[in-house]
Amino acid sequence: PADTGGHDLVGAVTLVTGMLLTVYTMVSAPTRGWAHPMTLGSFAVAAVLLATFFFVEKKVAHPLVRLGLLRVGTIVRANLAIIALFGSYLSFQFMMTIFLQSALGWSPLKMAMALLPAGIIVAFGSPFVGRLVDLYGSAKLIIAALTSLSVGYLWFLFAGSDSPSYVVAILPSVILLGLGFALGYTSIMAQATSGVDDSEQGLTSGLVNTSAQVGAALVLALTTALVTAGSHTASGAGTAGFEQFHPGLILVTGVALVGLAITVSPLVRGRSQRGRSVREMRAEEEKELAEVN
């Protein structure tokens, strides 16, 4: 009922403004300069706004984001995984678009057809992922997804060249990317909302979608900066050769691998803790459930 709730206007303003300013600063910094006073000032203001948001959430009666949710491991890992998924996936497509058209001289239509297999896999494979989540659990599918993405990026990093073979260098990466995104997106959404009270399903869903959009923007901004810098350090400065994209490819690969490591870590800890007493494990499970509720 409306009379039992409230609105957190200060939290909404500080969070949205702080995140937008962070993204704006990251996007504009490569052109303006990372040490430019405007860049440093924008970062400082964004940091103050976000710090204010967390302070407000601890004090306000009806917080926009209940901070207790951010202590639940599955929710935190889901948000970090979606950043790795979206950030690396969109940044790789951005680089491929430039590389195929600018370096190889492909038309927009030919470029789109080259990347089409990934879209087909996502469109036709995603509807079946829910069944796989029921069978294997979301964590294992997220691991499979980020592994597929990481291998796809690494494949193109080592198999690509100034004149790459589509069948050998590009197509395998595109297929692996499609598989990774199809498996990962649904699984991450399932993990983010699993076990959460009905009243907070919208909050956790909103958090993970915000992480996807903002995380993708931040990773893409860094990728753009690296690709731009690569055009001046690679042989034949100003050209769009494959060497220019090496730093960006290393970044997206690293982002995917970090996301994979974060997702795998609880499984590794679980194996190392199998020797603990049943009482200890039960107490920990009850504690985690209390945090969720």
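Just to confirm my numbers, what's the Cα centroid distance between the stretch 54-98 and the stretch 141-204 in Å? A separation of 17 Å, based on Cα centres. For the stretch 1-65, what is the Kirkwood estimate of the hydrodynamic radius, computed as the reciprocal of the mean inverse distance between distinct Cα atoms, to one decimal in Å? Answer for the stretch 1-65: a Kirkwood hydrodynamic radius of 12.9 Å.
As a rough footprinting exposure proxy, the listed residues 163, 28 were ranked by other beta carbons within 10 Å of their own, and the order from fewest upward is 163, 28.
Of the residues 17, 74, 147, the one that moves most in a GNM of the chain with alpha-carbon contacts below 10 Å is 17.
Listed from fewest to most Cβ neighbours within 10 Å, the set 59, 140, 110 follows the order 59, 110, 140. With the largest listed first and rounded to whole Å, the semi-axes of the equivalent ellipsoid of the chain from the Cα gyration tensor are 36, 26, 17. For the chain, with a Gaussian network of springs between Cα atoms less than 10 Å apart, report the residue from 161, 187, 91 with the top mean-square fluctuation. Its mean-square fluctuation being the largest, the pick is 161. The GNM of the chain, with springs linking C-alpha atoms under 10 angstrom apart, assigns the highest mean-square fluctuation among 125, 152, 87 to 125.
Once the C-beta distance of residue 163 and residue 124 is scaled by a Förster radius of 35 Å, the resulting FRET efficiency is 0.65 to the nearest 0.05. Here the Debye sum runs over all C-alpha atoms of the stretch 142-194 as equal scatterers in vacuum, and log10 of I(q)/I(0) at q = 0.22, 0.25, 0.32 Å⁻¹ comes out as -0.72, -0.84, -1.10. Label point of residue 10 set 7 angstrom out along Cα-Cβ; within the stretch 63-81, amide nitrogens under 20 Å from it belong to 63-68. Computed on the Cα atoms alone, the convex hull of the stretch 56-202 gives a volume of 139 cubic angstrom per residue.
All of the numbers you see were taken from the coordinates with simple rules; none came from a lab. Because the structure is a prediction, the values reported are computed rather than measured. Here the Cβ is made from the backbone with ideal geometry for all residues, glycine too, and neighbour counts use every protein chain on show.
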